[in-house]
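*Asks:* Structure in structure tokens, see below.
Only the coordinates and a few stated rules stand behind these numbers; no lab work does. Here the structure is a predicted model, which is why all the values come from computation and not from measurement. Using ideal geometry, Cβ is built from the backbone for each residue, glycine included, and neighbour counts are taken over all protein chains shown.
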Amino acid sequence: MTAAETPVRRWLRATGAVFMKDWRSELRTRYAISALVMFVITTISIILFALGGEGASPEVLSGMLWVVIFFAAMSGLARTFVMEEERGTAMMLQLTAAPSAVFAGKLLFNLVLGAGLTVLTVVLYLFFISGFTVQTYSIFLATITLGSIGLAAASTIIAAIIARANTKGTLYPVLSFPILLPLLMTVISATRLAADGMPFSEAFGEFQILISYIVVVVTTSILLFEYIWKD
Amino acid sequence: MTLRISLGVLLTLVIVAAIGFPISASPRHWYEFPLIPGLEEKARLIFFHVPTAWLSVMAFFTSMVYGILYLRRRDPMDDISSSVAAGLGFLFCILATITGAIWAKFNWGSFWNWDPRETSIFVLLLIYGAYFSLRSAVDVEEKRATLSSVYSIIAAVTVPFFIFIMPRIMTGLHPGAKGDPDGAGPVIDFKMSPNMRVVFFASLIGFTGLFVWMFRLRVRTARLEYFEHAKG
């Protein structure tokens, strides 16, 4: 470390370090990744069994896609904070890095995990569920991208909250659902537009809501994280 | 004391007027409400349903404001006020949901239709539920206060999407939604006659006073419980 290092650079380095720490420890245990992959496969096969060869309308199927993504996110994205509490490493992290850097690193990790999860779900979904076809790929891609960013952003701050509570597992979906509902309803309606083959301009309103949602959630998370994190 | 008595008088007058005043097709007297086609006698609900919904939203923001104050000052009394406001908000939210659902049964044909307005009150209910489950899941007092304050703030910044924006931009059955033949916007602006407006605003003021009274009472008892608990 040199004395000339600016605060911004130091912050960026801390953020990167937190991210890399989580990434390496994830690659060692593969806890979240395997949980997510298995969850997505299980849920999609349940949907296939439930449909039993019957076709469902694209409207229903575009809603179902986000049901899978939401619950998969609920099973894996809390890990990054819960892990710190379980291993008793939270205190160490508090001492070594600024709260905002910890949050940014964890958010980055969840963004990567969330993006991977969404891509996996979408690929499997498009492959196995024959009734679901996307007509307007531009809307679909934008929805998937914004949706997984928003999902990761809201899940990260809720994960930070529940990591401090006693009943971590059950509380997570309960707390996340109301916060995520504006996002979920918007992405579901945008996915429907994509499945119906609407032109890109038709989904502008949805994208505006999604972008403002992401901005609002990330900003408040950064402002409030310090209070949750510090003992 | 004066607050309680004047509230009692005001709300009695409101209830008598809202239930008792006749509705006629061509109002001649000051006490007759005009007939609104499609709503008829069911229009009276607005005097009770809207104030309860208004209170549940106001309580929600009161809870958030005390949450912010707690994070700034770390005063346990702020946390008490925050949770008391949330409790009252939950109560009024349930009342608004039930009165709305009964009205919807007679006006729209079923108790629940997932109209944007119904979705928004449902989300408010969920948030209150989540808030209390979070509170019950944390044992340490300070931690519980901090976490629930943070949660109520996060909820308060995302929920306006629902309560204020969505019902207005989405087509729905609820009066004042987009697609309403009389136009979107607050119902009071275009559907109410002057005498209805007087009763409506009196009811709104009365319910707000009711909230203030209940809030102060509950805060006082909750503080006593807190000190009792702290003593032994």
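*Asks:* So, in nm, how far is label A:A115 from label A:Q135 when the simple model puts each one 7 Å beyond its Cα toward the Cβ?
*Replies:* Those two pseudo-labels are separated by 3.0 nm.
*Asks:* Could you point to the residue in A:G131, A:A78, A:I47 farthest towards the positive end of the range A:42-200's charge dipole, with +1 and -1 charges on the Cβ of Lys/Arg and Asp/Glu respectively?
*Replies:* Of the candidates, A:A78 comes out farthest on the positive side.
*Asks:* A further question on this structure: Taking the beta-carbon count within 10 Å as an exposure proxy, list B:D79, A:D231, B:D115 from fewest neighbours to most.
*Replies:* Listed from fewest to most nearby Cβ atoms, that is A:D231, B:D115, B:D79.
*Asks:* Moving on. Could you order peptides A:174-186, A:208-220 by the average number of other Cβ atoms within 10 Å of their residues, highest first?
*Replies:* Final packing ranking: A:174-186, A:208-220.
*Asks:* Roughly how crowded by other chains is peptide A:168-181, in terms of the mean Cβ count from those chains within 10 Å of each of its Cβ atoms?
*Replies:* 5
*Asks:* Let me make sure I get this right: for the range A:72-201, a, b and c are the square roots of the gyration tensor eigenvalues over alpha carbons, sorted descending. Under 1.5 in a/c it's rounded, otherwise prolate if a/b > b/c, else oblate. Which is it?
*Replies:* Note, shape of the range A:72-201 comes out prolate.
*Asks:* Each residue of the range A:101-117 in turn: what ³J(HN,Hα) in whole Hz from Karplus with 6.51, -1.76, 1.60 and θ = phi - 60°, glycine and Pro shown as x?
*Replies:* 5, 4, 4, 4, x, 5, 4, 4, 4, 5, 4, 5, 4, x, 5, x, 4
*Asks:* Of the options B:I5, B:G87, B:P37, report the single residue whose Cα projects farthest towards the positive end of the charge dipole of the range B:1-150 (beta-carbon charges: Lys, Arg +1; Asp, Glu -1).
*Replies:* Of B:I5, B:G87, B:P37, it is B:I5.
*Asks:* Using a simple spin-label model with points 7 Å from Cα along the Cα→Cβ vector, what separation in nm is obtained for A:V8 and B:M77?
*Replies:* Going by the 7 Å Cα→Cβ label model, 4.4 nm.
*Asks:* Okay, next question. Can you list the trypsin sites (Lys or Arg not before Pro) in the range B:62-140 that are in a DSSP coil and have 15 or fewer other beta carbons within 10 angstrom?
*Replies:* Those satisfying the criteria are B:R74.
*Asks:* For the protein assembly as shown, rounded, prolate or oblate, judged on the Cα gyration tensor with a ≥ b ≥ c (square roots of eigenvalues), a/c < 1.5 rounded, else prolate if a/b > b/c?
*Replies:* oblate
*Asks:* What does the net charge come to around B:V199 if you take all other residues with beta carbon closer than 13 Å to its beta carbon, with K and R at +1 and D and E at -1?
*Replies:* +1
*Asks:* Okay, moving on. Given a 10 angstrom Cα cut-off, can you work out which residue in B:V150, B:V212, B:V16 is the most mobile in a GNM of chain B?
*Replies:* B:V16
*Asks:* While we're here: Among B:V65, A:I33, B:V198, whose Cα projects farthest towards the positive end of the dipole of the protein assembly as shown, with charges put on the beta-carbon of Lys, Arg (+1) and Asp, Glu (-1)?
*Replies:* Final value for the positive-end residue is B:V65.
*Asks:* Using a ≥ b ≥ c from the Cα gyration tensor of the range B:23-101 (square roots of the eigenvalues), is it rounded, prolate or oblate, where a/c under 1.5 gives rounded and otherwise the larger of a/b and b/c decides, a/b for prolate?
*Replies:* prolate
*Asks:* When the helices in chain A are scored as -39500 (n - 2.57) per DSSP H run of 4 or longer and the sum is shared across all residues, what 222 nm value do you end up with, to the nearest 500 deg cm²/dmol?
*Replies:* -28500 deg cm²/dmol
*Asks:* Modelling each spin label as a point 7 Å along the Cα-to-Cβ direction, I'd like the A:S45/B:F111 distance in nm, to one decimal.
*Replies:* Calculated label separation equals 3.8 nm.
*Asks:* Compute the acute angle (0 to 90°) between the alpha-carbon long axis of helix B:76-107 and the principal axis of greatest extent of the alpha-carbon atoms of chain B; round to the nearest 10°.
*Replies:* 30 degrees
*Asks:* Go ahead and run the numbers for FRET between B:S26 and B:A101, Cβ-Cβ distance against an R0 of 30 Å, rounding to 0.05.
*Replies:* Efficiency, rounded to the nearest 0.05: 0.40.
*Asks:* How do A:I158, A:I129, B:I205 rank when sorted from fewest to most other Cβ atoms within 10 Å of their own Cβ?
*Replies:* Going from least to most buried by this count: B:I205, A:I129, A:I158.
*Asks:* Oh, and also: For a quick check: sort B:E118, B:E41 by the number of other beta carbons within 10 angstrom, fewest at the front.
*Replies:* B:E41, B:E118
*Asks:* Here's something else I'd like to know. Hey, got the dipole for the range A:1-151? About the Cα centre, +1 on K and R Cβ, -1 on D and E Cβ, debye to the nearest 20?
*Replies:* That gives the range A:1-151 a dipole magnitude of about 600 debye.
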